[in-house]
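Read through the structure below, which is laid out as structure tokens, and then see the notes.
The values are calculated or read from the model by the stated rules, or taken from the named source; none is laboratory data. Since this is a predicted model, take the numbers as computed values, not measurements. SASA here: full protein model, heavy atoms, side chains in, ligands and nucleic acids out. Shrake-Rupley method; radii C 1.70, N 1.55, O 1.52, S 1.80 Å.
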Amino acid sequence: MSQNEDIAGIAVFSLLVSIAAFIFSVIAFFCSGCGADPRSWDSDLVDGGNDNDTDTDTDTDTDTDTDTDSDSDSDSDSDSDSDSDSDIDTNDSDAGEVTECTGMEFAGYCWFLGVEGLSCIQMCEAHGAEYDISTCNFAAWNAENCQAVLDALEVPEWPFYECECSGMGCHVLNETRGVSDTCDGESHSDQTERVCACSF
């Protein structure tokens, strides 16, 4: 082989190498995003560099928190305080009237030793009470009852007598005890203290 043919062969080889290098450079240019694998072509670059990648990320997060707190507090306090104070004294017709015995209680009755000159009706009224017929039906009924009432009234044990003293009943006269055969509520004497039963 001649020297000219050798030179021509080397030139062809160099040309082929240059063409191959050019081709690889073009491939590398168009495959810049392919990483180590030159076969990974970027279709966007091949299409003239227009990036028509459509990335559609649709994240639909629906969080529905429904908290229904229903607190119903019903406090019903019904306090009914009904205080009714009703004090009714059926025996108290007057504001100043005495409702309890202020004399001597004996045999279930309230007794007073009267004042000279006053009847038993007047004596009971003076103490805010009413004349009681027990004046005659008990104390003046007999000598024994009269003596018992006089003892209860702490009258001294003076001599006792029975008389026809009109309406006086059981009585004290001039340091003596006595009982008459008749008795009423109206009779009185200036020197006689009558034994009177009164009702409150």
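If His188, His127, His171 are ordered by their accessible area, calculated over protein heavy atoms with a 1.4 Å probe, which sequence runs from highest to lowest?
If we order His188, His127, His171 from most to least accessible, we get His188, His127, His171.
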Q: Name the residues whose placed amide hydrogens come within less than 5 Å of the amide hydrogen of Phe160, ignoring near sequence neighbours (fewer than 5 apart) on the same chain.
A: Arg177
(Q) Quick one: 3J(HN,Hα) in Hz for the range 17-24, Karplus 6.51/-1.76/1.60 with θ = phi - 60°, rounded, Gly and Pro as x. (A) 5, 5, 5, 5, 5, 5, 4, 5
Q. Can you give the extra length, in nm with one decimal, that the chain gains between Asp190 and Ser18 once fully stretched, where that is 0.36 nm per residue apart less the Cα-Cα distance?
A. 44.1 nm
Q. What percentage of the solvent-accessible surface of the range 124-200, computed with a 1.4 Å probe over protein heavy atoms, is contributed by carbon and sulfur atoms?
A. 44 percent
**Q.** Rounded to whole Hz, the Karplus (6.51, -1.76, 1.60) HN-Hα couplings of the range 191-200, x for glycine and proline
**A.** 10, 10, 9, 7, 8, 10, 9, 10, 10, 10
Q) Between Asn142 and Thr176, what length in nm is gained on full extension when 0.36 nm per residue of separation is reduced by their alpha carbon distance? A) 10.6 nm
Q: Would you mind checking which residues have amide H under 5 Å from Gly114's amide H? H placed 1.01 Å from N; only 5 or more apart, or other chain.
A: Arg194, Val195, Cys196
